[in-house]
Amino acid sequence: MRLKGERAIVTGGASGFGAGIVRRFVAEGARVAIADLNAEGAQVLAAELGEGCLAVRTDVADGASVAALFDRVGEAFGGLDILVNNAGMGTAPAPLETMDEARFDALMGVNCRSVFLTGRLAVPIMKAQRRGAILNIASTGGVSPRPNLAWYNASKGWMITAARAMAVELAPFGVRVNVINPVAGATFMGADTPEIRARFLATIPIGRFSTPADIAAAAVFLCSQEASMVTGVAMEVDGGRCI
Ligand SMILES: NC(=O)c1ccc[n+]([C@@H]2O[C@H](COP(=O)([O-])OP(=O)(O)OC[C@H]3O[C@@H](n4cnc5c(N)ncnc54)[C@H](O)[C@@H]3O)[C@@H](O)[C@H]2O)c1
């Protein structure tokens, strides 16, 4: 019960890493709003996890949708202690000059604009209560980019810098902001063939892909009081890939 009584939002919480974080947060005693574009998936998970969970259909790239999310959470939970910016969009590997403007804007909307939209509503609440934890789920690509995912990698680098900038500004108010950089998970974003998988796996010294449970364990630590001295950190959960 390392998050007993905490009130959390997890964006993109209906599947993948986000669902892993939701499950673990609830197991640790938190109440969690699953904010996902996939309303049905969010509802199924919330129903499974019971009273501590709330499903809210949200488009994290849209200001009005994010504002409605915060209204719902305010009514249901009466406050907010933890915000996890996990919702993300990937891109198929391709030379950087082939991306069109619409795709670029969509990518930046989900991966970057979302951090601004949720942050500007979460921060006043957390400042007023003089405590809070914000966590961005970025990527190893944000610190160690590889070819053909340039704009995705750049969006994840943006999430890391945003978190560090927020961390230094918000530290005096008792609000911590950190990042997890996962290595590829079982859902494996991007091109996925057995050959590509095997080649990718060979670059992870621990010899396996990451799991939602790996990411959730790091998320619980960074959002709990055990990490009360930890802010502005971008923690790789990558089996040594970035070494
Ligand atoms: N899976 C990987 O290999 C990997 C590696 C590094 C980083 N990441 C990052 O981890 C995060 C989670 O990835 P995942 O693999 O669990 O992906 P996923 O596709 O399983 O889950 C992402 C969730 O975000 C939701 N979502 C997408 N757009 C949204 C929007 N506009 N508003 C609200 N919700 C939206 C989706 O409905 C989905 O439930 C992402 O930010 C991703 O970039 C993933």
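The table for this structure:
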read-out	value
Efficiency of FRET from Cβ geometry, D192 and Q129, R₀ 41 Å, rounded to 0.05	0.45
Calculated [θ] (222 nm, deg cm²/dmol) that DSSP helices of n ≥ 4 give over the chain, each run adding -39,500 (n - 2.57)	-13500 deg cm²/dmol
Calculated SAXS-style log₁₀ I(q)/I(0) at q = 0.07, 0.08 Å⁻¹ - the chain, Debye, Cα scatterers	-0.21, -0.27
Alpha-carbon centroids, the range 196-243 and the range 25-71: separation in whole Å	24 Å
Positive dipole terminus of the range 89-157, leading residue within G141, G90, P124 (C-beta point charges)	P124
By average C-beta atoms within 10 angstrom, highest first, the peptides 110-123, 56-69	110-123, 56-69
Heavy-atom accessible surface of the chain: percent carbon and sulfur, 1.4 Å	58 percent
Rounded accessible area per residue of the chain, 1.4 Å, Å²	45 Å²
Dipole moment magnitude, nearest 20 debye, the range 94-133 about Cα centre, only Lys, Arg, Asp, Glu C-beta charged	600 debye
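The values are calculated or read from the model by the stated rules, or taken from the named source; none is laboratory data. Here the structure is a predicted model, which is why all the values come from computation and not from measurement. We place every Cβ from the backbone using ideal geometry, glycine too, and count neighbours over all the protein chains shown. Accessible surface is based on the protein model in full, side chains and every heavy atom, while ligands, DNA and RNA are left aside. Shrake-Rupley method; radii C 1.70, N 1.55, O 1.52, S 1.80 Å.
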